[in-house]
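Derivation of every value follows stated rules applied to the coordinates shown; laboratory data play no part. In this text the structure is predicted, and so the values were computed from the model without any measurement. With ideal geometry, Cβ positions are generated from the backbone for all residues, glycine too; neighbour counts draw on all protein chains shown.
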Amino acid sequence: MPFEALLATCLAYVALMFGVAYAADRAAARGHVRWLDHPLVYTMSLSVYCSAWTFYGAVGYASRSGLEFATIYLGPTLVFTAAWWGLRRLVRVARMHHVTSVADLISARFGKSNRLAAIVTLIAVIASTPYIALQLQSVRLSFEVFATNAPNGPEINGALGGTALWVAAGLALFTILFGTRNLAADERHHGVVTAIALEAVVKLVAFIALGVFVVWGLADGPGDMLDRIARTAADPQVAEGWLLKPDRWTALILVSAAAILTLPRMFQVMVVEAADEERLHVAGWAFPAYLFAMSLFVLPIAVMGRELLPAGSNPDLYVLTLPAAAGQDMLALLVFLGGFSAATSMVVVCAIAVATMVSNHWLVPAWLALRRIPSPDETDDLRGFVLNARRMAILAVMAAGWVYHQASGGTAALAAMGLVAFTGMAQVLPAMLGGLLWRGANRKGAYAGIGSGLVLWMALIFLPSVGVGGDLPVPPGVDPWTAAVMASLIVNTLAFIGMSIFGFPDPVERLQGLSFVSAVEPIRHSRMMRGDDRAEPLLAMARKVWGAEAALRYFQAEARAQGRSGYLPDLTPRFLTRLERRLAGSIGSATAHAMIDRVAGGVALTVADLLQVADEAQRAKEETQRLEAAQAELTRTARQLREANDKLTDLSVQKDAFLSQISHELRTPMTSVRAFSEILKEPDLTPEDRSRFAGIIHTEAGRLTRLLDDLLDLSVLESGRAQLNVSVVNLHDLITRALAAASATRPERGFLIDRDLPAEHLGLITDPDRLLQVLINVITNARKYCDAAHPVLILRTRRPETGGAVIDIVDNGSGIDSGRQSLIFEKFARLNDPARAGGAGLGLAICREIMLTLGGDISYLPGQGGAAFRITLPQRPPASAGSEPPA
Amino acid sequence: MKMDILMIEDEPNIAEAVRFLLSREGWQVGLHADGAGAIEAIRAATPRLVILDLMLPHRSGTQILDDLRAEGDAALAATPVLMLTARGQSAEAGARADEVLAKPFDNDELRQTVRRMLP
Amino acid sequence: MPERPLFLERASFHRRRLGDAARVLPVLTMLLILVPVWWMPASLSYAGGAVWIFGLWAGLIVVVWALHRALLRAEAATLRASETPPPPPAETPPPPVKGPADAL
């Protein structure tokens, strides 16, 4: 087939993957996650286990070592027979702690130690780089198979020097586009997972199609196939290689079982991307079935390749050369796409997983450590930094894979890399299993186990595989590779257990141990009390990680769950624990822990605290769900009652204050009017004085009128009898008018106005005059009260998913104390008296009434670094509002 | 020259009216426009009479009155005080000030009260 | 209602025995995969071995599928039974409680 057609097909396939990922991301953003969350999609995404090493390499492996190849798939099958009680528990615990990677799991379990996570990340980076190189190589080789068949082969071969580079660059683009779109608290990538699930189908179909062709097309059905296998095995040279070695068999099954749990990409798709543990009910049998289907035809293909293809053909490429030699061009193309899918899906997921580790455990902690003096009002955007760190890490991982590929060059050097990566990540297994099953496991043990495992793996397996150092000297008859694997794992496990027995964990670690082993939620201990003003800095911090909207939504939901209104929940231990774990979902548990401590003030945990906390956790476990719900309901009601009572008390005090305020507000202008009108009657005034006094009378009379207007306005709005003159409005025009009208207030203050003009063009149905009144009032307030040296006013408009519009108006002044934020919308709730000139303190009360009449709301947004108001509007005013049809 | 009257009033137009009226009677009238620093202003000026608005920013008229009465200098502490209030608040405030005038006041009433109070 | 507690007892008993089976299965699988190879590697290395391995594998998949289906049904049954008082016996582990953070 022409090489150009191959290239075109390949590009079309890549475009399809981008399209699928984009569509899935969009669907997920709109909340259509039902089919994305299907257990079969999850199962298919698990097939990243079958990389190009499987797709091409399994046949090569089988042709050299016979049935031994099956160990790589029997190990995971063994693990999945324990899906019900083993994997479900792993997923549950990992999701409970919002674990982002295998390194994060280890770190969270052993007292949120980032150093431990950094070591695991190191293993992952060392193990993944050659593994990625192997994938790039497989794509390059498969291209070359077609290129050498092309008439102008040599030229294209020359151009092919860069195939691996192009593939790496394309994959980096894909991964960055769909892997780092957001920093969601639950770290799921619907687009990537869906594309990978589709690629899994392509691989499976391609491989089965080839298998069917081989068994029923080239051979004469299964019986004939078995005969051919037996005939091939009769060759003594083959028989020698194919003879199963029980020690290797056992070690390989052990290592591949470990790999499915610890490989970064497997942990990513199996644990991090899992919405809940329920999907393992299906995956428990469906994933072994997938592996079974991928393995079934491996041996037949190997045997057939050996029989039909010229001696000296590369068995790693039988899957391509076999259909090509038989003249099955379309089948060869399908197989090529299958192999391409296998390689690309592995690289993408591996890059996401390793980049998450590198950014969460290397870059972000380093960055936070460099900026040693934190301040709550730091303006930098952590979220942007984390995302960029992740993007850089993805590029670095890809680049490393490509450089490794170019440097190693040879075929054989890379072929072994799959197993080398498996054994490297397997060194994490003792600490992982121990951490999940044994409360006695501690950090010292984890350091000792993982550390010794890392050293032995480097010395005995990794370095020999790249040609440095030799094999372990072993007695004859023992397989050197098996000896090296068993030695490293046994030393690792013994060191882990030994140091755990002799070490004593600190309280945080003991708490995490309890939580991991008994799968209960730990409660962060806190001495913070109700009304603690540290809620706002915490919100500001969360905003930097998640973005303003997500952080506000989370805080509001938490506050509501506590039965509080507004955006600031009480800093209960429960809330802090949940906040920390949600942050951990974005930046890793060690960093989240450190950041919360930094803002909330690290209260050192004592053993007494620990006992109390453990006691609480135990009790929580024992309580039935119903009791918990009832209790929560009671607490919530009690809180609501208390809040209502507080508010009533406040209101009655305010009512008295209101009357006396009205009296004062009316009498003040009246006093001037009366005094000056009497003065004007006196005969001996200069004309200048006379006219100035008349001017004062005029001004004060105007003030009186305005006040009466405001009072009238308020009483009409409050009684619900307000008439709305609705029409279609463009928010952009209204905001422009409001800014122009408000600019007359303190014109000497040069405000920098920051608007997002394109986003402002939102149309909705409302009363333009009323809305304008609100906008002018809020903007005027900002002009009056913003005390920054260089005042800035930020206006942001957007349309939420529910329709309507949200307008945020934020200045950079000192804002409003959290204690007074709930009072500012009350009548005459003047804030700082010195600046009260001109306003009677009715403005925000009127704004609130107007917004309620329009079916929207206005609220104060805490934690925005200045006074911030949010105006929400529905798409149209409620039908019940006293609106009259537009004339 | 010693100041006769110190007025503590945050409303500029009322302050201007009072100052205009009393200056024409020949008295020297000073002004302080905030509750904060009022007692320091009184200490500095040692006026013969203080006209005090009840509703002031930062520190209310009654608080300033208490501050004044608690001054160490007996002569200063005994300075006569005329309190300006809105009606309804006068009962409480009036018990402590030497005289109380409800806003809005009659110009003659103001002049006569001040004349009566100035020794 | 004298039958109610009896049914409940049975449902949770059944579920617990299935849970035991789920725990035994991986151990059994390991023995089935490893022991024959240690026992007689030569006769399992070629065509016969392929039939053995893939036969065992297919059997395992069916067993896991059947077990998971039975477990899901048993769990649903105990859940239904426990929805009406009296509560299930203390020995039954409580149904997996979702983390409150997940509920958001």
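Quick one: how many lysine pairs does chain A have with C-alpha atoms less than 20 Å apart and a gap of 8 or more or different chains? Give me the count, please.
5
If Rh is defined by the Kirkwood formula over all Cα pairs and Rg also comes from Cα, what ratio Rg/Rh do you get for chain A?
1.10
Could you order the peptides A:741-753, A:762-774, C:10-22, A:263-275 from most to least packed, using the average number of other C-beta atoms within 10 Å per residue?
Numbers: A:741-753: 13.0, A:762-774: 19.8, C:10-22: 16.9, A:263-275: 25.5.
Sorting A:741-753, A:762-774, C:10-22, A:263-275 by mean packing, highest first, produces A:263-275, A:762-774, C:10-22, A:741-753.
At 30 angstrom or more along the helix axis (alpha-carbon based) and mean Kyte-Doolittle of -1.0 or higher, what helices does chain A contain? Whole DSSP H runs only.
The qualifying helices are A:3-29, A:114-149, A:190-212, A:329-357, A:382-408, A:480-502, A:625-680, A:687-719.
Show me A:696-709, A:852-865 ranked by packing, highest mean number of other Cβ atoms within 10 Å first. Kindly include the intermediate steps, with their values, before the conclusion.
Working: A:696-709: 15.7, A:852-865: 20.9.
Order by mean packing, descending: A:852-865, A:696-709.
Could you tell me which chymotrypsin sites (Phe, Trp or Tyr not before Pro) in the range A:1-86 are loop residues by DSSP with no more than 13 other beta carbons within 10 angstrom of their beta carbon?
Numbers: sites: A:3, A:13, A:18, A:22, A:35, A:42, A:49, A:53, A:55, A:56, A:61, A:69, A:73, A:80, A:84, A:85; in loops: A:35, A:56.
Qualifying residues, ordered by number: A:35.
Per residue of C:64-74, how many C-beta atoms from partner chains lie within 10 Å of its own C-beta, taken as a mean?
Shielding by partners across C:64-74 averages 4.
Filter the trypsin sites (Lys or Arg not before Pro) in the range A:1-104 down to the DSSP loop ones having no more than 14 other Cβ atoms within 10 Å, then list what survives.
Qualifying residues, ordered by number: A:30, A:34.
What does the structure give for C:32-38 when I average, per residue, the other chain Cβ atoms found within 10 Å of the residue Cβ?
Shielding by partners across C:32-38 averages 5.
What average count of beta carbons from other chains do you get within 10 Å of the Cβ of residues in A:662-672? Each step should come with its number before you reach the end.
On the way: counts 1, 7, 7, 2, 3, 11, 9, 4, 3, 11, 10.
Counting Cβ atoms of other protein chains within 10 Å of each residue's Cβ and averaging gives 6.
In deg cm²/dmol and to the nearest 500, what is the mean residue ellipticity at 222 nm of chain B if only DSSP H runs of at least 4 residues count, each as -39500 (n - 2.57), divided by the residue total?
Mean residue ellipticity at 222 nm (helix-derived): -11000 deg cm²/dmol.
Kirkwood hydrodynamic radius of the range B:5-117 from all distinct Cα pairs, in Å? Don't skip to the end; give the middle numbers.
Details: mean 1/r = 0.0724 Å⁻¹.
For the range B:5-117, the Kirkwood estimate is 13.8 Å.
Report the semi-axes of the equivalent ellipsoid for the range C:3-84 in whole Å, largest first, where each axis is √(5λ) for an eigenvalue λ of the Cα gyration tensor.
39, 12, 7
Per-residue ellipticity at 222 nm for chain A, helices alone: DSSP H runs ≥ 4 residues times -39500 (n - 2.57), over residue total, nearest 500 deg cm²/dmol?
Value at 222 nm, helices only, nearest 500: -21500 deg cm²/dmol.
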